[in-house]
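*Asks:* Supplied in structure tokens, the structure appears directly below.
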Amino acid sequence: MKKYNFNAGPSILPKEVMEATAAACLEFEGSGLSLMETSHRAKNFQPVVDEAVALFKELLSIPEGYAVIFLGGGASLEFCMVPYNFLEKKAAYLNTGVWATKAQKEAKLFGEVVEVASSADKNFTHIPKNFTIPTDADYFHITSNNTIYGTEILKDYDSPVPMIADMSSDILSRPIDVSKYGMIYGGAQKNLSMAGVTFCIIKEDLLGKVSRPIPTMLDYRTHIKKGSMFNTPPTVPIYCALQNLKWIKKQGGVEAMEKLAIKRAEIVYGEIDRNKLFVGTAEEDSRSRMRRDIATSAASAQAATTP
Ligand SMILES: *Cc1c(COP(=O)(O)O)cnc(C)c1O
């Protein structure tokens with residue numbers, strides 16, 4: 001029997017997404033070859049990347065001037081690629097949890113980092129309010145959903161400098177105003193696909209402004225220019241992402257995902273608040289809508305292992 005999976009990531013995927021991906025691993029679209037042995041340069045693979053990019057743009061209403069690319073290395077590699085490509089002198093970071101702290105740590109290798117606010121002193125149980133973003137920063141970095149602490153930024157901030165968001169664990173769960181961001185990135189295994197691929201949405205005219213040389217593989221321009229095909233991309237995770245993007249579209253897009261997220265969160269928080277067995281940790285106005293951040297760790301461990 002299929003067990004319930006409340007893990008943050010690799011997380012649950014719709015059954016039909018897993019079935020379509022599994023079928024393609026045995027034989028890719030009647031080609032006589034497995035997707036696993038299909039070249040990324042094959043004529044029948046290019047449409048997979050093209051369609052995934054097009055659907056990403058459609059579902060999130062991504063405006064002109066933004067590129068969508070698929071990379072390896074996870075969100076963790078973006079922690080250093082972001083400052084490598086965007087930090088000339090100074091960057092601003094909002095510290096809302098362990099991932100935000102890790103992102104900030106990498107940026108310090110490249111320049112001055114201003115922590116605009118932090119909820120570390122309260123064990124990251126809330127999203128700080130009333131902070132000022134320095135107008136002379138090269139960018140402002142946020143982590144929209146704090147996977148471990150169960151807090152989420154549910155609005156698109158107005159930032160005086162390009163805003164860069166790690167949306168690993170809440171991408172595609174609500175409509176976002178992409179025009180307010182310079183870049184959005186995330187590992188796929190929480191909200192998009194299986195592990196192995198990273199998505200990046202990048203406002204192209206922000207690139208090429210740092211003076212340092214950037215190694216070819218770490219330069220976003222390399223991957224944008226080559227359409228995610230500079231080297232061999234993670235083909236199976238990209239295919240799986242495409243299946244999930246199609247599934248999301250079929251459900252009614254990110255508006256439908258948001259309704260589902262609200263409903264799911266209401267059920268779970270309702271029980272957390274009602275049932276004395278649970279203790280809610282995140283402050284109410286900072287609570288995440290994402291499914292996995294909300295049960296106590298003991299309860300979620302139990303749920304993940306009990307059929
Ligand atoms: C899981 C997670 C990461 C790390 O992702 P990897 O793909 O494993 O590097 C980074 N940021 C957030 C918000 C996450 O939830």
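*Asks:* Here's a check for you: in the stretch 13-23, which residue that is farther than 26 Å from Ile148 by Cβ and surrounded by 16 or more Cβ atoms within 10 Å (Cβ to Cβ) is farthest from the chain's Cα centre (by Cα)?
*Replies:* Ala20
*Asks:* Checking Ser34 against (1) touching a residue at least 12 places away in the same chain (Cβ under 8 Å); (2) in contact with an Asp or Glu (Cβ under 7 Å, 6 or more places away or on another chain); (3) of a type in the set (S, T, N, Q): exactly one of these is not met. Which one?
*Replies:* (1)
Here is a yes/no grid of residues against (1) within 16 Å of the ligand (Cβ to nearest atom); (2) of a type outside the set (A, V, I, L, M); (3) under 26 Å from the mean Cα position of the chain (by Cα); (4) assigned to a helix (DSSP H, G or I):
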{"position": "Met1", "(1), (2), (3), (4)": "no, no, no, no"}
{"position": "Ser11", "(1), (2), (3), (4)": "yes, yes, yes, no"}
{"position": "Gly32", "(1), (2), (3), (4)": "no, yes, no, no"}
{"position": "Met36", "(1), (2), (3), (4)": "no, no, yes, yes"}
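*Asks:* May I pose another question? How many residues does the stretch 146-184 hold that are within 16 Å of the ligand (Cβ to nearest atom), assigned to a loop (DSSP other than H, G, I, E, B) and not β-branched (Val, Ile, Thr)?
*Replies:* Of the residues in the stretch 146-184, the ones within 16 Å of the ligand (Cβ to nearest atom) are 146-154, 163-174, 176, 181, 183-184.
Remaining after also requiring assigned to a loop (DSSP other than H, G, I, E, B): 147-150, 153-154, 167-174, 176, 181.
In the following step, the residues that additionally are not β-branched (Val, Ile, Thr) were identified as 149-150, 154, 167-170, 172-174, 181.
The number of residues fulfilling the criteria is 11.
*Asks:* A further question follows. If you check Lys57, Lys89, which single one turns out to be charged (D, E, K, R), more than 19 Å from Thr222 (Cβ to Cβ) and under 21 Å from the mean Cα position of the chain (by Cα)?
*Replies:* Among Lys57, Lys89, only Lys57 is charged (D, E, K, R), more than 19 Å from Thr222 (Cβ to Cβ) and under 21 Å from the mean Cα position of the chain (by Cα).
*Asks:* Those residues that are within 22 Å of Ser169 (Cα to Cα) and not in a loop (DSSP other than H, G, I, E, B), I need them from the stretch 189-219; list them, please.
*Replies:* Thr198, Phe199, Cys200, Ile201, Ile202, Lys203
*Asks:* In the stretch 71-92, what residues are part of a strand (DSSP E or B) and within 13 Å of the ligand (Cβ to nearest atom)? I'd like the intermediate steps shown before the answer.
*Replies:* Of all residues in the stretch 71-92, those part of a strand (DSSP E or B) come to 71, 90-92.
Passing the criteria: only Leu71.
*Asks:* Across the stretch 109-145, which residue is nearest to the ligand (Cβ to nearest atom) among those that are in a loop (DSSP other than H, G, I, E, B), buried (at least 17 other Cβ atoms within 10 Å of the Cβ) and among the aromatic types (Phe, Trp, Tyr)?
*Replies:* It comes out as Phe124.
Bear in mind these aren't lab numbers, they're just calculated from the coordinates by the rules spelled out. On a predicted model such as this, the values are computed, not experimentally measured, just so you know. FYI the Cβ positions are ideal-geometry reconstructions off the backbone, even for glycines, and counts take in every protein chain you see.
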